[in-house]
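As structure tokens, the structure follows; a few thoughts come after it.
The values are calculated or read from the model by the stated rules, or taken from the named source; none is laboratory data. A quick note: this is a predicted structure, and the numbers were derived from the prediction, not measured. Please note: Cβ atoms are built from the backbone with ideal geometry, for glycine as well, and neighbour counts cover all protein chains shown. To get the accessible areas, we keep the full protein, side chains included, count just its heavy atoms, and leave off ligands, DNA and RNA. Shrake-Rupley method; radii C 1.70, N 1.55, O 1.52, S 1.80 Å.
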Amino acid sequence: MRHQHRGRLTAGAVIALVLGALMLVPAMRATAAASGCAVTYTANTWQGGFTANIVIKNLGDPVNGWTLAWTFPDSGQKVGHGWSATYSQQGSAVTARSLDYNGSLATGASTTIGFNGTWTTANPTPQTFTLNGVTCTGSVTTPTPTVTPTVTPTVTPTSNPNGTPVEINGQLRVCGVNLCNQYGKPIQLRGMSTHGIQWFAKCYNNASLDALAGDWKADLFRIAMYVQEQGYETNPAEFTNRVNTLVDMAEARGMYALIDFHILTPGDPMYNLERAKTFFAAVSARNAAKKNVIYEIANEPNGVSWATIKSYAEQVIPVIRANDPDAVVVVGTRAWSSLGVSEGSNESEIVNNPVNAPNVMYAFHFYAASHGDNYRSTVARAATRLPLFVTEFGTVTYTGGGTVDLASTTAWLNLLDQHKISYANWTFSDHEESSAAFKAGTCNGSTYAGTGVLKESGVYMRDRIRTPDNFPTS
């Protein structure tokens, strides 16, 4: 609305190598930061393809930046899109280099990386890995198939003394018209949305996410991955990797990550159906073991019927469910996710013909200075019959600009609080438009906490989000 108006993995082979510590002679210590390591490599395979997860554990001296290298035993094995590292391959030789958030490994610390790959005649397991040039060797074991990443956050932010939002609430699910936690209790998540990660990648780093989780005390980080407009369609592997990295960064800080497949123009989601299937197959396979991931499969459908949106959802959701059967999925609604109101309809078309899948919620978007009482009346009525999630809203006009309307924004957020409807504000960026939280140029620096770097909208939203959560556990 802001812009309107502006293969299933089969049960494959799982193989693991645990490669033990190898102490270096003094001459090698001068050139290598690590003096020992352990690597666990698990591969889930299907015909012609596989997903690999690699746990790297530093057993030697602290590492500040690392390169993991290995050689595939078969020349037909190729790395496709990966996550939590930068990958390169020459022939059978592969290197994976650390990113800014996971490059520091203290003695005994671990991190997890991974990738999707292809194979031709065979998919054997690499036998030797090196960490910063140090060879790691050891014995063969078989760990459990699921590998849970171990990432040490820069801070341990929380808005609750009992733990982070993810620690308290665990795996979420839909119960009735509510989003519920692992105890079956209705909760509300409150947080921020990125702007397009193709344009504002510099805004999403360790310092900014530390501020969002620790200073803002946010529960939710929405990752807006545009499909068009220089987005996913230009480089699917690169954008999939960016999304996965941001999911990891949110997880490390105890926040839920809302993966937004940001379709807008064209408004017919069927135009991107095959892209959606490919993307969600990849991210759901990679993140299936995580408890913090929510999937938003169509940002703002427009110019199409609810029947078309429903058909799209019922083709994409099974792709996610094949890998991640428990995750919550948010489905966009008609007329820029306005429940049809912006095209003269209302929630009744969804109530009478809901998506045929469990654990589904429906998106609603609003911009406070443009969408007033008639929209609020629809949401108040719909919230008693449909599980709603405000995956995007602004404090300004539908253009993303104009004057901040604090009175309307407050009325909206009071309504959402009343019905425990979760929300993400547009945007956690330093865009020049007034809907952006940060002053222009903030993302060129390293300071994101406090109010000194915030515009009027950011000051208001920070104050609203950082009030204590109500996460019942009994």
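For the reader, a short list of remarks on this structure follows.
- Positions within the range 256-271 being not hydrophobic (A, V, I, L, M, F, W, C) and not in a strand (DSSP E or B), in sequence order: THR265, PRO266, GLY267, ASP268, PRO269, TYR271
- Identity of the residue in the range 448-468, loosely packed, with under 12 Cβ neighbours inside 10 Å and among the β-branched types (Val, Ile, Thr), that ends up nearest to THR409 (Cα to Cα): THR467
- Pairs where the first residue, in the range 240-265, is of a type in the set (S, T, N, Q) and the second is in a strand (DSSP E or B), C-beta under 8 Å, 6+ apart: THR240/HIS81; THR240/TRP83; ASN241/HIS81; ASN241/GLY82; ASN241/TRP83; ASN244/TRP83; THR245/TRP83
Residue by residue, here is whether (1) closer than 20 Å to ALA201 by Cβ; (2) in contact with a Cys (Cβ under 8 Å, 6 or more places away or on another chain); (3) not charged (D, E, K, R) holds:
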| position | (1), (2), (3) |
| --- | --- |
| ALA380 | no, no, yes |
| GLY401 | no, no, yes |
| HIS419 | no, no, yes |
| ALA424 | yes, no, yes |
| ASP430 | yes, yes, no |
| ASN444 | yes, no, yes |
| GLU456 | no, no, no |
| ARG462 | no, no, no |
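- Condition met for PHE471 (surrounded by fewer than 22 Cβ atoms within 10 Å (Cβ to Cβ) and not in a helix (DSSP H, G or I)): yes
- The set of residues from the range 240-252 being open to solvent by 10 Å² or more (accessible area, probe 1.4 Å) and in contact with a Phe, Trp or Tyr (Cβ under 8 Å, 6 or more places away or on another chain) comprises ASN241, THR245, LEU246, ALA252.
- Test for TRP426: is it open to solvent by less than 20 Å² (accessible area, probe 1.4 Å), of a type outside the set (Lys, Arg) and over 23 Å from the mean Cα position of the chain (by Cα): no
- Residues of the range 97-136 satisfying the condition of being in a loop (DSSP other than H, G, I, E, B) and not polar (S, T, N, Q): LEU99, ASP100, TYR101, GLY103, ALA106, GLY108, ALA109, TRP119, ALA122, PRO124, PRO126, GLY133
- Among the residues of the range 389-414, those identified as aliphatic (A, V, I, L, M) and surrounded by fewer than 18 Cβ atoms within 10 Å (Cβ to Cβ) are LEU406, ALA407, ALA411.
- Filtering the range 272-300 to residues that are assigned to a loop (DSSP other than H, G, I, E, B) and aliphatic (A, V, I, L, M) leaves ALA288, ALA289, ILE297, ALA298.
- Enumeration of residues in the range 399-412 that are within 15 Å of ASP373 (Cα to Cα) and either modelled with pLDDT under 90 or among the hydroxyl-bearing types (Ser, Thr, Tyr) (or both): SER408, THR409, THR410
- Listed by first and then second residue, the pairs linking a residue in the range 383-394 that is under 16 Å from ILE297 (Cα atoms) to a residue that is of a type in the set (S, T, N, Q) and open to solvent by less than 10 Å² (accessible area, probe 1.4 Å), with Cβ atoms under 7 Å apart and 6 or more places separating them unless they lie on different chains, are PHE389/SER422; VAL390/SER422; GLU392/SER193.
- Candidate set from the range 342-374 (those that are out of contact with any helix residue (DSSP H, G or I) (no Cβ under 7 Å at 6 or more places or on another chain) and in a loop (DSSP other than H, G, I, E, B)); member that is most open to solvent (accessible area, probe 1.4 Å): ASN352
- Which numbered condition GLY303 misses (of (1) open to solvent by 30 Å² or more (accessible area, probe 1.4 Å); (2) on the phi < 0 side of the Ramachandran plot; (3) not in a helix (DSSP H, G or I)): (2)
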